[in-house]
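Engineer: Provided herewith is a single structure, encoded as structure tokens, for subsequent inquiry.
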Amino acid sequence: MRIRDFRQSYEQDEAIWQTPTSRLWLAGLLVLLALFPAFANGYIVGLACILGIHVIASAGLNIMTGYTGLISLGHAAFMGVGCYTAAFLAQYGVPFYLTIPIAGLVAALLGLVVGIPSLRIKGLYLAVATLAMQFILVFIFREWEPVTGGVRGVNVPNARLFGFELNNDTRMYYAIAFCAIVLLIAARNLFRTRIGRAFIAIRDKDISAEVLGIDLFRYKLLAFAIGSFYAGVAGALLGFFYRAMTPEYFTLTLSIFYLAAIIVGGLGTMLGTILGAFFMTLVPELLRALVSLIALWAPRAIEILSPMQEMVFGVLIIGFLVFEPHGLVEIWRRVRRYFHLWPFRA
Amino acid sequence: MNNSPLNPTRRRVLGAGLGVAGLAAGLPIMPAIAQTGEIVFGAAPPITGVFAFAGLALHQGLGDYCEWRNTKGGIAGHKIKYIGEDSGYKMDQAMSVFKKIMGAHKPPVFYGDSTAWAKAAAKEISQMGSVLTSSPSFASDLVDPKNAPYYFMPGPTYTAMCVMLLEYISRTSRGAAKPAVALVYSDTEFGRDPIAATKLKAQALGIPIVQEIVTKPGSVDVSAEVAKLRRAKPDYVIFHGYVLAPIPEFIKQMREAGMSITPMGTIWSMDKTTVDAMGAAAEGWMGVMPYRYSYDTKDAPTMQAIKAYAAKARPQMQYVPTFYTTGWLVGMIFSEVIERCLKAGKSLNGPNMKAALESINDWDTGGVTGLLASLKGHQIASGRIYMYDTKSKLLEPASGWIRTA
């Protein structure tokens, strides 16, 4: 049961980590994250890197879609902008610690441009506008050969940080984990500020928000810029992680992947973002691992079971949406509530 | 309370579940090759996804080759263990499978799934210096022994395939003027790959490229493009960057427009199953194929072995696709490289395997390739032009075997 949780001020009520227990859990999590590569093999560390990148990108989309109500189908393209910016800057020797924020800023600037129609259109219409941007940007990735390498793609030099070459997954893991933690904390804090509350007000009812004095144009643009910044950073990290990239990576399918991640995880919550990214990344991985396990005894089973993984994954997504429309975060909240009140009934 | 380990308490069930999940996720490190005496072949074939039409057969071909080879004693007495996991033709997934299999089994050879994978993994592979790789991609820039030293192609590049088509056109042309050629290709990395080099080769051979059309990979409405082709009046239309659609639609509309053209294609639109699916449009279809078809077994012991093994191991397989043959050939090359290293008493590392690969010259593939194969340049740059016979529903040779520079 949760005890010693008595809040006497607004600041206490708004604190991110409200109890000593939650602070302890957080410290434990940070230690675990720091020690993780020491216990995991290369495959798991590589998977954690991809997961971290997906978490950052999903967080950006959740800021736009989950918190502000601006549907975007062009998130993958903004990742592409970040990736190509990073590749371009890295070739000219710009340090890694500058490349990452600059890649985010370039994506954010483009996000501002895409955000302009959001004052006039919303819902499905805005989704179509962002979809158009997805296609335009992918076209640019394919055609602007001097910068993007065209359809053949681009090689990204190894990242270097304070003399260390980030030339393996373990080193990249720490860079990605650091960025993910900083950006998640920043996003969590954002919604304790006037800007974050304005985003939520716009999502809930934009006309009412305007009546309350919120400048819709400014805040909608800001939401697009921040969301795109996250995508840009994720894209830059992706480029440094794979060290090569082709435009075929940044497809509409990837944009939908992120949309699915925040819907399955829970719209408008940072924890939902993390859970959604975990679900979308790890469930197919676990299903495949299960197939491989079966293949140890029946090698040809892989030929039949592999196509079935996609089906099972689809059914799982539908199942979650039907039985828990508020996302995985709601399941987490229920579990938490149970332990907060235990041994009494929730 | 019963504390027997067999008592399924919630905690035990949870613990067991986590244990299985951990095991399934690849947390435990599998025994190394040396301990088991087995040589592991790793692979991430695209069994699902858009490339599944070929990916499954590639996986079956490579896996079956390993089984067949084991019945013949393996490689220098070592049994082969084939470990393949579906890549779904997704780069993240292919990289993940690659890292997983490399981490758990440390195979000396690995077969990937695409150009994107080959490019993304290239630096890591060079850095590791312990694995020789290949993939179903025939993209020209992957054959780069300097920058991608541990990668090879079990056939010619797309550029080399187009060059063979042009050489065939040039050799078979009659009269002073060379036939006019149109290029139709998809707006993808795959489609665009050989175009610049093909145009240069055409210029060198004096073949006029009268039209160049770029379409989406699965275009449906091609009437505007056909109108352009009609005005350009080509004798040959080379399609590249497609598997099937929109090729049949192009051919159908060109014939309806009264055009007398010879349609041609490259490897992925040359399997018998693909050409059969073109229906009436397949009449007169030509193209380049680096390997023999599975029904062409005369004086080709490996093709006979492939046919016999597939009939025994996969009785439901009515026709052995060329993708299966490709997978089999990849297995042969991997084995040849490993065997050469082991016979020379060298360890299976990148530089030794690269040297062994480059030492393969005038190598008899048992008829899979029509000419003796050389992998000095990290590709087998030979092939033959075939033509579809609508009566026999077979692709019949239209030329001898061609080797490109």
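None of the figures in this text is laboratory data; all of them are computed from the coordinates on show. Remember, it's a predicted structure, so these values are computed and weren't measured experimentally. Here the Cβ positions follow ideal geometry from the backbone for every residue, glycine too, while neighbour counts run over all protein chains shown.
Engineer: When the gyration tensor of region A:69-132 is built from Cα positions, what are the square roots of 5 times its three eigenvalues, in whole Å, from largest to smallest? Don't jump to the answer; show the numbers that get you there.
Structural biologist: Working: eigenvalues 159, 20, 11 Å².
Ellipsoid semi-axes (Å, largest first): 28, 10, 8.
Engineer: Follow-up. How long are the semi-axes of the equivalent ellipsoid of chain B, taking √(5λ) for every eigenvalue λ of the Cα gyration tensor, in whole Å from largest down?
Structural biologist: Details: eigenvalues 344, 118, 80 Å².
Value: 41, 24, 20 Å, ordered largest first.
Engineer: Please state the equivalent ellipsoid semi-axes for region B:269-405: what are the square roots of 5 times the Cα gyration tensor eigenvalues, largest first, in whole Å?
Structural biologist: Each semi-axis is the square root of five times an eigenvalue, giving 31, 18, 12 Å.
Engineer: A further question on this structure: Hey, got the dipole for the protein assembly as shown? About the Cα centre, +1 on K and R Cβ, -1 on D and E Cβ, debye to the nearest 20?
Structural biologist: 1060
Engineer: Using Cα pairs closer than 8 Å and at least 6 residues apart in sequence, work out the relative contact order for region A:40-341, in percent. Before the final figure, lay out each step's value.
Structural biologist: Numbers: 489 pairs, mean separation 95.9, N = 302.
It comes to 32 percent, rounded to a whole number.
Engineer: Here is a further query. Can you tell me the mean projection area, over all orientations, of the convex hull of chain A's alpha carbons? Units nm², please. Mind dumping the intermediate values first?
Structural biologist: Working: hull surface 83.0 nm².
Result: 20.8 nm².
Engineer: Between B:Thr390 and B:Val220, what FRET efficiency follows from the Cβ-Cβ distance if R0 is 41 Å, with the result rounded to 0.05? Mind dumping the intermediate values first?
Structural biologist: Details: r = 24 Å, r/R0 = 0.59.
With a Förster radius of 41 Å, E is 0.95.
Engineer: Something else now. Return A:Arg243, A:Arg2 ranked ascending by Cβ neighbour count within 10 Å, so the fewest neighbours appear first.
Structural biologist: Working: A:Arg243 24, A:Arg2 14.
Listing A:Arg243, A:Arg2 from fewest to most nearby Cβ atoms yields A:Arg2, A:Arg243.
Engineer: Same structure again: Dividing the convex hull volume of the alpha carbon atoms of region A:143-281 by its residue count, what do you get in Å³ per residue?
Structural biologist: Working: hull volume 20.6 nm³, N = 139.
For region A:143-281, the hull spanned by Cα atoms encloses 148 Å³ per residue.
Engineer: Mind checking the mean number of beta-carbon atoms from other chains within 10 Å of the Cβ atoms in B:73-86?
Structural biologist: Rounded to a whole number, the mean comes out at 2.
Engineer: Ok, one more. Does anyone have the angle between helix B:158-172 and the longest principal axis of chain B? Alpha-carbon axes, 0 to 90°, nearest 10?
Structural biologist: 30
Engineer: How big is region A:229-346 on each of its three principal axes, counting only the C-alpha atoms and giving the largest first in Å?
Structural biologist: Computed over region A:229-346, the largest-to-smallest principal extents equal 51, 45, 23 Å.
Engineer: For region A:220-283, build the convex hull from the C-alpha positions and give me its volume per residue in Å³.
Structural biologist: Values: hull volume 6.7 nm³, N = 64.
Given the Cα convex hull of region A:220-283, per-residue volume reads 105 Å³.
Engineer: Compute the normalised compactness of region B:231-346: alpha-carbon radius of gyration over 2.2 N^0.38 Å, N being the residue count.
Structural biologist: Against the compact-globule rule of thumb, the ratio is 1.39.
Engineer: Another question, then. For the protein assembly as shown, how big is Rg over Rh, using alpha carbon atoms and the Kirkwood form of Rh?
Structural biologist: Result for the protein assembly as shown is an Rg/Rh of 1.00.
Engineer: Here is a further query. Can you give me the three principal axis dimensions of region B:173-268 from its C-alpha atoms, in Å, biggest first?
Structural biologist: 37, 31, 20
Engineer: Taking a ≥ b ≥ c as the square roots of the Cα gyration tensor eigenvalues, with a/c under 1.5 meaning rounded and otherwise prolate when a/b beats b/c, else oblate, which class fits region A:3-160? Mind dumping the intermediate values first?
Structural biologist: Working: a/c = 2.51, a/b = 1.32, b/c = 1.90.
In terms of gyration-tensor shape, oblate.
Engineer: So, one more: Tell me the mean residue ellipticity at 222 nm calculated for the protein assembly as shown from its helices only (DSSP H runs of n ≥ 4, each -39500 (n - 2.57), averaged over every residue, nearest 500). Kindly include the intermediate steps, with their values, before the conclusion.
Structural biologist: Details: 29 runs with 418 residues, N = 751.
When only DSSP H runs of four or more count, the value is -18000 deg cm²/dmol.
Engineer: Could you grab the relative contact order for chain B? Cα pairs under 8 Å, six or more apart, rounded to a whole percent. Walk me through the intermediate numbers first.
Structural biologist: On the way: 748 pairs, mean separation 65.4, N = 405.
Rounded, it is 16 percent for chain B.
Engineer: Over all alpha-carbon pairs of region B:138-229, lay out the pair-distance distribution in 5 Å bins, whole %, shortest bin first.
Structural biologist: For region B:138-229, the pair-distance distribution reads 3, 12, 20, 19, 18, 14, 9, 4, 2, 0.
Engineer: Hey, another quick one. In bins 5 Å wide, starting from 0, what share of all Cα pairs of region A:257-310 does each bin hold, as a percent?
Structural biologist: Taking all Cα pairs of region A:257-310, the binned fractions are 5, 22, 21, 14, 12, 12, 9, 5, 1 percent.
Engineer: What order, most packed first, do the peptides A:214-227, A:133-146 have when packing is the mean number of other Cβ atoms within 10 Å of each residue? If you can, show how the numbers build up before the last one.
Structural biologist: Details: A:214-227: 21.3, A:133-146: 16.7.
Highest mean packing first, the order is A:214-227, A:133-146.
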